[in-house]
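Here the structure comes first, spelled out in C-alpha cells, and everything after it is commentary.
The values are calculated or read from the model by the stated rules, or taken from the named source; none is laboratory data. Not measured: the values here are computed from a predicted model. Note: ideal-geometry Cβ built from the backbone for every residue, glycine included; neighbour counts use all protein chains shown.
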C-alpha cells in the first residue's frame, strides 16, 4: 500500500465528480502534471516523485518502479538526464483514456487559493504561486466557495492509499511512526485509527 497526494480541482468535481468521504474506496483517472501548471505552482509537501520510462502513444503513460501507473501531461519532462520526474498527481475526468487508479481515501483537505490581478484594476485574476491554505474535512464538497475574487476554494488535496505500490510519503509516515527501516509497504497504516491517520497525513501536507 502506497500513500499518494492527489489534487482534485474544484471544476472537475463540480462538473463530473462524485463526492467521497475519508475511508471510501474510489477509482480515478490520474494525470501527472508539472507542478507549475497547477494553480501557478509553489507546491511543496504535495509533490510526487515518479521514476520510469514514459510510454508514448495516444496517451503518455508512466509505470512507476514502485507500482503506480498514471497518465503524464505534455509539459512533464525530466531535467537531469534521468527518468526521475517530480510533479503533481491530479484527477482528470476530461482527458483521453487515462489509466484508472483504485485506492482508499485516507485524508481530504480543501485548498483555498489566493489570486492577484493580472494588472492593477483589471479585475482579471490569476493564482499567486504558493499562496494557499489547506483545511481538513471528513468528506469532499460537491460545490466550492468563492470564485472571481482574491481568495477562493480551488479544489482538494486528497491522500490516496493505493494497493501494490509504495511511495516517498509512505516512507515518511513509517519513519514518523518509528517503524523499522525495511518494513514492507502498508505497515505505515496498520493499527492506526482512521482519524489519527488523517490527522498525521494532514500534518505532512502543509500549504
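Observations, loosely collected:
- Any chance residue 121 is surrounded by fewer than 19 Cβ atoms within 10 Å (Cβ to Cβ), in contact with a helix residue (DSSP H, G or I) (Cβ under 7 Å, 6 or more places away or on another chain) and more than 25 Å from residue 20 (Cα to Cα): no
- Residue 183 vs. criteria at pLDDT 90 or above, surrounded by 12 or more Cβ atoms within 10 Å (Cβ to Cβ) and part of a loop (DSSP other than H, G, I, E, B): yes
- Test: residue 146 is under 15 Å from the mean Cα position of the chain (by Cα) and closer than 30 Å to residue 123 by Cα: no
- Total residues in the stretch 148-180, condition touching a strand residue (DSSP E or B) at 6+ places or on another chain (Cβ under 8 Å), assigned to a helix (DSSP H, G or I) and either at pLDDT below 90 or surrounded by 20 or more Cβ atoms within 10 Å (Cβ to Cβ) (or both): 3
- Wholly within the stretch 58-145, strands (runs of 3 or more DSSP E) carrying at least 3 residues that are touching a residue at least 60 places away in the same chain (Cβ under 8 Å) and within 26 Å of residue 202 (Cα to Cα): 84-91, 100-117, 125-137
- Residues that are out of contact with any helix residue (DSSP H, G or I) (no Cβ under 8 Å at 6 or more places or on another chain), buried (at least 16 other Cβ atoms within 10 Å of the Cβ) and assigned to a loop (DSSP other than H, G, I, E, B) within the stretch 187-207 comprise 205, 207, listed in sequence order.
- The number of residues in the stretch 39-57 being surrounded by fewer than 17 Cβ atoms within 10 Å (Cβ to Cβ), modelled with pLDDT of 85 or more and part of a loop (DSSP other than H, G, I, E, B) comes to 5.
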